[in-house]
Amino acid sequence: MDAPKPFPYTDEELDAASLRGEGVSQLVIQTLETMREHPELLDLSLFTLECLNYPGRRQSSVSLASSVSSYLSTDSTAVSPYIRQLLKTRKICYSAIKAARFVAHGEDDKDTIGPVVILILTHPTTTTAENAHDASQDVLALLEANGVRVLWSNGPHLLHVTDDIDPTHYVCRFLTAALGMPIATMEREATDAQGSVALFFHENKDKHGAPSPKVFGVTNCHVLCEDTTIDYEFKGAGAPPRHVRLAGFHRFQRGLDEIRACISNHGFDANILVREIVWLEAKPKSEDEEAAVEDKVALEVQRDKLAKVKKDIGVFETFYNDVSNQWSDIACRNIGHVSWAPKISVDVQGASYTKDIATFEVDAVKFKAQFKGNVVDLGSKFTLWQLTKMFYPKGGGRTTFRWPTNRQLRINGYLTRELLAVPDCFDSNGESCLLVMKNGNATDLMVGRYASLEAYLCDDLGVESIELAIYNYDKQSGSFSDKGDSGSLIFDGEGRMVGIIHSGMLKGESNHVTYATPAWWAIEQLIVKYPHADFNRTAF
């Protein structure tokens, strides 16, 4: 008979992870009790317990990573004083400097120790991601000068939209090559200005008529440029590029927090499942044959659930490590550069629509393998039934939404001005309107209503404009958009483009109305600049 499995952690290890004493949550206390009583059933890592204690704890760092397991390198003591002085010279307020090796917990229950990394933690809000990146280059040069081998990387490729069977399918979405991907520019990093990608297109031919392999992303001018009163165009080779980055500081932190929250939720589920298994195992066998069978089946089901939850925790921990180690350096999230950004205007070719559009050329190396064209990942914020119910018409109207294969809705064409003026759809209350969606950086997937009437606006200076006005779906649904959703594509249930978000009307602390430029008109402006643009390709 095998010896009972001991509790895996010492009091010193729990103290070092802040999992004992004042400030420890009741969830962690209860989970530790279960682990002590039934270590053969529940064996959670210190990192999972930390997530259970602080699901959204944040740290600022040059190389953002929370210690799942770390091993300090004694060889680093020789260069640490020089690193400290380097940071002081750059006026970076560090809170800790240490060498670490991170452990990835694999699905086979084996741990893989990664390479030595220099982990520099900074006090929150005391430095910018750009300053941190510049300092990291100095640190790397210092390490090389002291005989430490440095491996260089241009950063990871974008991730693919995963199947529902992958537990990370929701939390990985901010790193995928799909519409609504969160972006920020190096130029606007200090103000943490962020937005979303509306759509992609292939250039096909350049301005000289020569074949062009370039692919461009579309968003707002004010997302990519700080000064929106002047025209900007990339001058080509030799000109300094304005880098476009995947996920600004706050969106990246939110992504890490979402992964931690999943680990926390799964840790909680594991604790509950163990208690239910222990209860079922101790339950006297019923004399009622049917009840006895039900108990046996229930025990098997709970054991299977526990095995799945524990396996998923390992997947989430590995994914958190990968994201922290591979994506934390802001320069590793460069995905292209600004190509064309005409100044914001409302008087173009006799129209009064807001022209707030810009393009950036995407990095082929990072996009090519996972690029699927203009596809929206509908995610798991809404279930199939919830979305269908919101879109499904009443009476004799036609069906306006069908759940796409693997949650990926392909964008195909746009609604003309005539169709926008006379919607042929009805909502669940039988009212004539156009039900639309958008997937953005700030509020993810949301459903809204366009009532077919264009809005006429006039600002404090008397400048007038015409906008598409999108209202929130209902009083309980929340804002259709918020700050950070600028540049998001609005589309209907059939994947037809409706508009590109550029602003909103506040009511309290959230948007009451979202304003957008009509997609049909924005496409016209893009084709003037890129006459051979192809918006329908499904591969790079």
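When we measure straight from the Cα of LYS214, which aspartates and glutamates land under 14 angstrom away, once same-chain ones fewer than 8 places off are left out?
Straight-line reach from LYS214, under 14 Å: GLU203, ASP206, GLU361, ASP363, ASP534.
Over all pairs of distinct alpha carbons, what does the Kirkwood formula give as the hydrodynamic radius of the range 234-275, in Å?
One over the average 1/r among Cα pairs gives 13.7 Å for the range 234-275.
Which value, in Å² and to the nearest 10, is the accessible area of TYR54 when all protein chains are kept and the probe is 1.4 Å?
Taking all protein chains as shown, TYR54 has close to 80 Å².
Assuming R0 = 25 Å, can you tell me the calculated FRET efficiency for the pair ASP459 and ASP231, based on Cβ-Cβ distance, to the nearest 0.05?
Efficiency at R0 = 25 Å is approximately 0.75.
Considering every Cα-Cα pair within the range 295-347, what fraction, in whole percent, is farther apart than 16 Å? Write down the numbers at each step before the final one.
Values: 956 of 1378 pairs.
Within the range 295-347, distances greater than 16 Å cover 69 percent of Cα pairs.
Cα convex hull of the range 158-220: how many Å³ per residue?
Values: hull volume 7.4 nm³, N = 63.
Measuring per residue, one finds 117 Å³ for the Cα hull of the range 158-220.
Using R₀ = 45 Å, calculate the FRET efficiency as 1/(1 + (r/R₀)^6) where r is the Cβ-Cβ separation of LYS88 and SER18; round to 0.05.
So, using R0 = 45 Å, E works out to roughly 0.95.
Kindly report, to the nearest 10 Å², the accessible surface of HIS337 as traced by a 1.4 Å probe over protein heavy atoms only.
The value for HIS337 is about 30 Å².
Please give the per residue accessible area of the range 417-540, computed with a probe of 1.4 Å over protein heavy atoms only, in Å².
Details: 5520 Å² over 124 residues.
On a per-residue basis, the range 417-540 sits at 45 Å².
So how do ILE165, ILE230, ILE92 rank on accessible area, 1.4 Å probe, biggest first, that is with the largest at the start? Don't skip to the end; give the middle numbers.
Working: ILE165 145, ILE230 90, ILE92 10 Å².
The most accessible residue leads, giving ILE165, ILE230, ILE92.
Could you tally the net charge around THR514, taking each other residue with its Cβ under 10 Å from the Cβ of THR514, Lys/Arg +1 and Asp/Glu -1?
-2
Computed over the Cα atoms, what is the radius of gyration of the range 415-540 divided by 2.2 N^0.38 Å, N being its residue count? Could the numbers behind the result be given before it?
Numbers: Rg = 14.9 Å, N = 126, 2.2 N^0.38 = 13.8 Å.
This ratio for the range 415-540 stands at 1.08.
Where a Cα-Cα gap under 19 Å defines reach, which lysines qualify for LYS310, not counting those fewer than 8 residues away within the same chain?
Cα-Cα hits under 19 Å: LYS5, LYS110.
Show me, for the range 405-419, the HN-Hα J-couplings you get by feeding each phi into the Karplus relation (A = 6.51, B = -1.76, C = 1.60, θ = phi - 60°), rounded to Hz, glycine and proline as x.
For the range 405-419, the Karplus curve yields 4, 6, 6, 9, 8, 7, 7, 9, x, 9, 7, 6, 4, 5, 5 Hz.
Using the alpha carbons of the range 162-304, what is the convex hull volume per residue in cubic angstrom, as a whole number?
Spread over its residues, the Cα hull of the range 162-304 gives 163 Å³ apiece.
What residues qualify as long-range amide H neighbours of VAL348, i.e. H under 5 Å apart, gap of 5 or more or another chain, H built at 1.01 Å from N?
Here the answer is TYR353, since their amide H atoms fall under 5 Å of that of VAL348.
Would you list which lysines come within 29 Å of LYS207, measuring only between C-alpha atoms, while excluding same-chain residues fewer than 8 positions from it?
LYS235, LYS343, LYS355, LYS366, LYS368, LYS372, LYS529
Taking all protein chains together and a probe of 1.4 Å, list ASP231, ASP312, ASP329, ASP474 from the most accessible to the least accessible.
Solvent-accessible surface, decreasing: ASP231, ASP474, ASP329, ASP312.
Does the range 258-318 come out rounded, prolate or oblate by the C-alpha gyration tensor, with a ≥ b ≥ c the root eigenvalues, rounded set by a/c under 1.5 and, if not, prolate when a/b is larger than b/c and oblate if not?
Prolate.
Using a 1.4 Å probe over the heavy atoms of the protein chains, calculate the carbon and sulfur portion of the accessible area of the range 273-342 as a whole percent.
Numbers: 1880 of 3600 Å².
The value for the range 273-342 is 52 percent carbon and sulfur by accessible area.
How far, in nm, would the chain grow between HIS532 and TYR471 when pulled straight, counting 0.36 nm per residue and subtracting the alpha carbon separation? Mind dumping the intermediate values first?
Working: separation 61, 0.36 × 61 = 21.96 nm, distance 3.44 nm.
Gain in length upon complete extension: 18.5 nm.
Just to verify a number: what accessible area does ASP164 come out at with the full protein assembly present, 1.4 Å probe, Å² rounded to tens?
80
The values are calculated or read from the model by the stated rules, or taken from the named source; none is laboratory data. The structure displayed is predicted, hence computed values, not measured ones. Positions of Cβ are backbone-derived with ideal geometry, glycine not excepted, and every protein chain shown enters the neighbour counts. The protein model used for the area step is the full one, side chains on, heavy atoms only, and it has no ligands, DNA or RNA in it. Shrake-Rupley method; radii C 1.70, N 1.55, O 1.52, S 1.80 Å.
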